């Protein structure tokens, strides 16, 4: 009836993403045994009650304000349990605060669920919080991922709206590297109603509509600001799409559906080392696998830029003492040789 | 891939219930063609964008601030588009405001989608707003329903928590008549882990736990205040469970799953006349069918009380001019002979 009856821990379960996640996992028949954790007891209990009032058959949903209890022997973890960015706070402040949370999460995973098969980190800056979680967790790189797909689905949606075509007529959208502002938008594989984006940029039209180089730049900028646009329109940051896409990632890990978007993954081959970023990924029987995305010279230059930006964030996190120096990672996590 | 590709109109789609509904309909593979309506353009667009960013394959989701456009030829309608109760507002004020919205909705249905197969009214007081919608819509009684199931699922959940058993080990929970404070809790069919509630009230135990008459009264009171409890815990009224249960009602109407809870339905047989209330319902090929629930003398007395309360609300709504006098209903809606 559900794809898995193994324990799934949802962290930040009283929040908008976390509570939607629990509903999504049950509603899609993905997971039945869910432990909801949040430090805020009242809202957490209220969120759990809402789920109970749905009366999902066969569900075993519990809630706790004890993170260790939530994580104990969890097979899967999805965490939206970061601190939100508050007024007056810089991105830098947010990174430090959330990397502290990520370090603690990694240490708790090592202690309470060292056999965890997939941990998905949603809270921002996800590339760095995911990396920090991984290093401290002792898990293999294939078992920790970050939600990166939103940039790609936003690009798909923006192109569909520009050309007035159904969204699934836009294929091959993929952004790699860092999530958000530093993402590398790959144009190589994109087609709109069968026409390659390269041809469209060279003057081809779809439904009578073209795309100039300037419009394409604007559109990429729109995607980079996709999260901010939601906040402006709804008065709150996006929560439905992160919850839905994370549920789909778990379905991919469980082998039910192919997850068609790039995921954040630990990268330590070739020119990219000791980093977590979105690559060309797929879920295999042992977890997340990746290969280098294929793109033209511009695409690859954007990816290298994005990598460079992420290494700066990583090195600042090392300087803050929240990640060990690179040559000590293997001591903290023997899987990261 | 979806149970139906016919048009579903979601009213109040920028709100918490409405936006969750759209996600739920797509996520469960229930409906692909959804028109989102709300008068608040920014939040509506933001809610639609969130759905686009989920990238549901085959989805055709549009949004509009023109209610007529949303309703045009809709086969199904689910509406959470009532006004919320604001500070200083009485229940009476809420009834009047929302019955105006319901009357307008009924008139719009008559004009724009007279072949609508099911309209589910969620906004409170749902029994009266649903009835008002029905009378003005011209639809048959079998095509308009209200969300009543929450009282029953809350009762199931409360009993499961009291006895520390899995929720689906509590069966036969059903509340009839009005939704909320005036509901009639039927105890006749309830069993906990196989033991009838009547035997438990006579001293039997489940998992070492009994239930005194006083505890049973408290528990019913807790269910009556279930909505208020969520507001207190989460700081907002429940939205996930209404959205999920309404999605399940539509699945019932589409013949995919049996909807196992009572629905609000138009009742005009026997001792109950010209009213909408929760009865023993099932979805047949032509819409919602009902029969009189079976209960002991106490249960039936509670149902008659609930009916009496609803007739008062109905008669006040007639006095307000928002419903025609009873003998004119058939002129406004020839299906209500």
- So, in nm and shortest first, the distances from residue B:319 to its counterparts in the other copies, with label points 7 Å along Cα→Cβ, work out as 7.4
- Note on the structure: Restricted to the protein assembly as shown, the DSSP antiparallel beta bridge percent, nearest 5, is 50
- Query: Taking one equal scatterer on every alpha-carbon of the range A:167-280, how large is log10 of I(q)/I(0) by Debye at q = 0.23 1/Å?
  - Reply: -1.35
- Item | Nearest-to-axis residue of chain A, judged by beta-carbon position, where the axis maps A onto B, in Å | A:27, 3
- For the range A:89-235: relative contact order, % (alpha-carbon pairs under 8 angstrom, 6 or more apart): 17
- Query: Roughly how crowded by other chains is peptide B:230-240, in terms of the mean Cβ count from those chains within 10 Å of each of its Cβ atoms?
  - Reply: 5
- Query: How high is the relative contact order of chain A, given as a whole-number percent (alpha carbon pairs under 8 Å, six or more residues apart)?
  - Reply: 17
- Message: Averaging over every viewing direction, what projected area does the convex hull of the Cα atoms of the range B:17-93 cover, in nm²?
- Response: 6.2
- Starting from a label point 7 Å past Cα on the Cβ side, list the distances from residue B:255 to the same position in the other copies, nm, shortest first. 3.5
- Task: Can you tell me the 0 to 90 degree angle between the C-alpha axis of helix B:91-112 and the longest principal axis of chain B, rounded to 10?
- Result: 50
- Message: Given a 10 angstrom Cα cut-off, can you work out which residue in B:242, B:260, B:285 is the most mobile in a GNM of chain B?
- Response: B:285
- Task: Place the label 7 angstrom along Cα→C-beta at residue A:334 and in each other copy, then list the distances from the first to the rest in nm, shortest first.
- Result: 8.2
- Query: For the residues A:327, A:151, what sequence is obtained by ranking on other C-beta atoms within 10 Å, fewest first?
  - Reply: A:327, A:151
- Message: Only bridges whose two residues both fall in chain A count here: according to DSSP, what percent of them are antiparallel, nearest 5?
- Response: 50
- Using DSSP, restrict attention to beta bridges with both residues in the range B:4-146 and report what percent are antiparallel, rounded to the nearest 5. 0
- Item | Cα long-axis angle, helix A:297-319 against chain A (0 to 90 degrees, to the nearest 10) | 30
- Query: So for A:116, A:263, fewest C-beta neighbours within 10 Å to most, what's the order?
  - Reply: A:116, A:263
- Between 0 and 90°, nearest 10: helix A:16-27 axis offset from chain A longest Cα axis: 90
- Item | Overall Cα dimensions of the range B:1-140, principal axis frame, Å, largest first | 44, 35, 24
- Item | Sorted by Cβ neighbour density within 10 Å, fewest at the top, the residues B:303, B:3, A:322 | B:3, A:322, B:303
- Item | Kirkwood estimate for the range A:70-223, i.e. one over the average of 1/r between Cα atoms, Å | 17.4
- Note on the structure: Rounded to one decimal in Å, the inverse mean reciprocal Cα-Cα distance for the range A:97-153, i.e. its Kirkwood radius, is 11.1
- Message: From the P(r) of chain B, could you give the percentage of C-alpha pairs in the tail past 29 Å?
- Response: 37
- Query: How large is Rg over Rh for the protein assembly as shown, taking Rg from the Cα atoms and Rh as the Kirkwood inverse mean of 1/r across Cα pairs?
  - Reply: 1.00
- Task: Report, in deg cm²/dmol and to the nearest 500, the calculated mean residue ellipticity at 222 nm for the protein assembly as shown, where each DSSP H run with n ≥ 4 adds -39500 (n - 2.57) and the sum is divided by the residue count.
- Result: -13500 deg cm²/dmol
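Just so you know, all these numbers are worked out from the coordinates, no wet-lab data involved. None of the values given here were measured: they were computed from a predicted structure. A quick note on method: Cβ atoms are made from the backbone with ideal geometry, for glycine too, and the neighbour counts reach across all protein chains shown.
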